[in-house]
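Take a look at the structure below.
The values are calculated or read from the model by the stated rules, or taken from the named source; none is laboratory data. Just so you know, these numbers come straight off a predicted model, no measurement behind them. Note that each Cβ is placed from the backbone with ideal geometry, even for glycine, and that neighbours are counted across all protein chains shown. Please note that ligands, DNA and RNA were not included when accessible areas were found on the heavy atoms of the full protein model with its side chains. Shrake-Rupley method; radii C 1.70, N 1.55, O 1.52, S 1.80 Å.
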Amino acid sequence: MNWFYIVMWEFGSWKTQNITKYLKGYNYKKEINISNYYNWYSQFQISNHIDLINLLSDIYDYHLYINLYPYKDKIYTHKKTKLYEYEQNARLFHEKYWNNLKKNIKFNIALDEASIYFNPRDFAKNFAWENAKLLDFIYQPRKLNLLFLVVVQNPLELDVKFRRLASYYRKYYKGF
């Protein structure tokens, strides 16, 4: 399965509509949709870099405190002093959200006009300062059960780190 799609081509070629069509087919028991534009099929909507980073941090914590929780003794076999801290953080995470989170939820993140967020001309700040945490997430989407759907007019308008990570490009044309 591919975990990083780039959808591209010119203005008016129905890229966003096709991404929304993909989001429409989600399984509400096993998937959560997140987008930066309004549609009926997204449970969460983001509006800037900070929202994206906070959301990805919560997805990482979900993976750490929900998916890996049954294996905590094995993970901390050689770090028994860290186990108590891990259990405290897991408890806080459960309290922050709800106690009946399911395991292995898939997260779909649709970023329309992603070049606004990750413009190649701003390469020095795309992954600097508070955005540095993004590197932790974009290099391991498979481990977090995360699918990025990135929509751009032209792939050259997107930061090179995203272009190199894309496992699949889809090009839409105007007309039939």
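Tabulated results
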| quantity | calculated |
| --- | --- |
| Gyration tensor (alpha-carbon) shape descriptor, the range 80-121, a/c threshold 1.5 | prolate |
| With Cα atoms, 0 to 90° folded angle of helix 15-24 axis to the chain main axis | 40 degrees |
| Entries of Lys24/Lys171; Lys30/Lys74; Lys24/Lys103; Lys72/Lys161 with Cα pairs more than 31 Å apart | Lys72/Lys161 |
| Amide H contacts under 5 Å for Val7, placed H, 5+ residues apart | Val150, Val151, Val152, Arg170 |
| Cα-based Kirkwood hydrodynamic radius, the chain, one decimal, Å | 17.5 Å |
| Most to least packed among 142-151, 12-21 [average Cβ atoms within 10 Å] | 142-151, 12-21 |
| Charge context of Lys80, other residues only, Cβ under 15 angstrom, K/R +1, D/E -1 | +1 |
| For the chain: relative contact order, % (alpha-carbon pairs under 8 angstrom, 6 or more apart) | 44 percent |
| Accessible solvent surface per residue of the chain, calculated while the other protein chains remain in place, 1.4 angstrom probe, Å² | 62 Å² |
| Acute angle (nearest 10 degrees) that the helix 80-96 long axis makes with the longest principal axis of the chain, alpha-carbon atoms | 60 degrees |
| Cβ crowding within 10 Å averaged over residues, with 108-115, 54-61 ranked highest first | 108-115, 54-61 |
| The chain - percent of accessible surface contributed by carbon and sulfur, probe 1.4 Å | 55 percent |
| Degrees separating the helix 49-62 axis from the principal Cα axis of the chain, which is the longest one | 40 degrees |
| Calculated SAXS-style log₁₀ I(q)/I(0) at q = 0.19, 0.25, 0.26, 0.29 Å⁻¹ - the range 8-61, Debye, Cα scatterers | -0.77, -1.05, -1.08, -1.13 |
